[in-house]
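These notes are about the structure you will find just below.
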Amino acid sequence: MPRSRDAVLSQVLTVAQMRAAEEALIAAGTSVDALMQLAGRGAGDWVRRIAGGGSVTVLCGPGNNGGDGWVIAEYLREHGNAVQVVQAREPATVAARNARALYRGAVVSADSVTGGMCSSIACSVAG
């Protein structure tokens, strides 16, 4: 039975609610790396269902959202999707660097994709 729009939206957290949930989990002993793996693999599963067996390009910035992107990319690669990561900049957080280290697929720099026109402002939006 399809869920109603209100039922689906009631499961969406605000930014403040998400931060509070993450802080509570971290305070209880869950690592940022473990949260990143959980979120990234969950998002990767969703992307995989949408992409089917098709190829996927993931844009990864330097922060923890970029770290989630590295996890998503590796999840998709492990499940048979052709994946390319476009890296805006090197990961800048410990968790993002750890996620990057676990990725085994293709990586290109954003500058190579944009012909060197990836300004620091545009690239920072991605991360």
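The values are calculated or read from the model by the stated rules, or taken from the named source; none is laboratory data. What you see is a predicted model; the values in this text were computed from it and never measured. In this analysis, Cβ positions are derived from the backbone assuming ideal geometry, glycine residues included, and neighbour counts consider all displayed protein chains. Remember, those area values only see protein heavy atoms, side chains included, never the ligands or the DNA or RNA. Shrake-Rupley method; radii C 1.70, N 1.55, O 1.52, S 1.80 Å.
Accessible area ranking (1.4 Å probe, heavy atoms, ligands and nucleic acids excluded), largest first, for ILE72, ILE50: ILE50, ILE72. For the peptides 82-88, 21-27, 39-45, residues were scored by their other Cβ atoms within 10 Å and the scores averaged per peptide; the highest-first order is 82-88, 39-45, 21-27. Along the stretch 71-76 the Karplus relation, 6.51 cos²θ - 1.76 cosθ + 1.60 evaluated at θ = phi - 60°, assigns HN-Hα couplings of 5, 4, 4, 5, 4, 5 Hz to successive residues, with x for each Gly and Pro. Amide H to amide H distances under 5 Å link VAL86 with VAL58, LEU59, CYS60, VAL108, where only residues 5 or more positions off or on other chains count and H is placed in the peptide plane. Computed over protein heavy atoms with a 1.4 angstrom probe, the accessible surface ordering of TRP70, TRP46, largest first, is TRP46, TRP70.
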